[in-house]
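All remarks here apply to the structure that follows.
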Amino acid sequence: MQRFRVRFLKVISDATGHEHKMCQREFCVEAENDCAAVDTAKSLYAEAENREEWSLRADEIEVERD
């Protein structure tokens, strides 16, 4: 198993119209690959936020090997 850091990001515009990515949640998970890590993190996100759909709070998911 490998360790992955999975971040749920929201894109927010500032007063000048520039976009910035803000981390909504971050999880460190063990999985066979990055796809499995994302699936695990989505389940953890749903549990933590009490929502099934992560995309209601975040715009994208970023994955990196830890």
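All of the numbers you see were taken from the coordinates with simple rules; none came from a lab. Since the model is a prediction, treat every value here as computed from it, not as a measurement.
Build a GNM of the chain with springs between Cα atoms under 10 Å apart, and of V29, V38, V11 the one that fluctuates most is V11.
Evaluate the relative contact order of the chain (contact order divided by residue number), counting alpha-carbon pairs under 8 angstrom at least 6 apart; express in whole percent.
This gives 45 percent for the chain.
Considering only E53, E19, E30, the Gaussian network model of the chain with Cα springs below 10 Å gives its largest mean-square fluctuation to E19. For D59, the amide hydrogen comes within under 5 Å of the amide hydrogens of L9, K10, V11, counting only partners 5 or more places away or on other chains and with H modelled in the peptide plane. From the square roots a ≥ b ≥ c of the eigenvalues of the alpha-carbon gyration tensor of the chain, which class results: rounded (a/c under 1.5), prolate (a/b over b/c), or oblate? Note, shape of the chain comes out oblate. Here the Karplus relation 6.51 cos²θ - 1.76 cosθ + 1.60, evaluated at θ = phi - 60°, turns the backbone of region 31-47 into coupling constants of 7, 6, 7, 5, 5, 5, 5, 5, 4, 5, 5, 4, 5, 5, 5, 4, 5 Hz, with x for every Gly and Pro.
For region 8-20, backbone phi angles converted through the Karplus equation (6.51, -1.76, 1.60; θ = phi - 60°) give residue-by-residue couplings of 9, 10, 10, 8, 10, 8, 8, 5, 9, x, 6, 8, 9 Hz, Gly and Pro being listed as x. Go ahead and set up a Gaussian network model of the chain, Cα springs under 10 Å, then flag whichever of A31, A41, A15 fluctuates most. Among A31, A41, A15, the largest mean-square fluctuation in the Gaussian network model of the chain belongs to A15.
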